[in-house]
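Step one of this worksheet: look at the structure below.
The values are calculated or read from the model by the stated rules, or taken from the named source; none is laboratory data. Quantities reported herein were computed from a predicted structural model and do not represent experimental measurements. Quick reminder, even Gly has a Cβ in these numbers, built from the backbone with ideal geometry, and neighbours come from all protein chains shown.
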Amino acid sequence: MSDQQDKAYWAKTSNLMYLMMGLWIFFGYAIHFFVTPLNSIKIAGFPLGFYMAAQGSLIAFVVMLFWFAKAQDKIDRDSGVAEDE
């Protein structure tokens with residue numbers, strides 16, 4: 001890879017990493033700061049604040065993990081540095 005391609009690759013990878021870190025902070029901390037107001041919303045009979053603390057954040061983390069792997073693989077393939085190439 002040329003220097004310009006290398007910089008573009010790391011810029012895309014860094015942007016993806018910062019996005020994922022922001023989402024992780026949001027689902028891991030920010031949602032839980034608003035548990036009391038969220039408890040007024042009910043999902044399947046459970047208050048949303050409880051649901052987000054008990055299940056929602058974990059589900060979001062698993063979805064984020066798979067989405068991150070797919071997005072990083074696309075960046076790698078577009079840049080010609082995929083592991084199976």
Q: Scan the range 14-53 for residues that are surrounded by 15 or more Cβ atoms within 10 Å (Cβ to Cβ) and either within 23 Å of residue 78 (Cα to Cα) or basic (Lys, Arg) (or both) and jot them down.
A: 16, 20
Q.
Going through 69, 60, 53 one at a time, which residue ends up being without any contact (Cβ under 8 Å) to a residue 12 or more places away in the chain and small (Gly, Ala, Ser)?
A. 69
Q | Within the range 1-42, considering residues that are within 20 Å of residue 62 (Cα to Cα), at pLDDT below 90 and among the hydrophobic types (A, V, I, L, M, F, W, C), the one nearest to the chain's Cα centre (by Cα) | A | 27
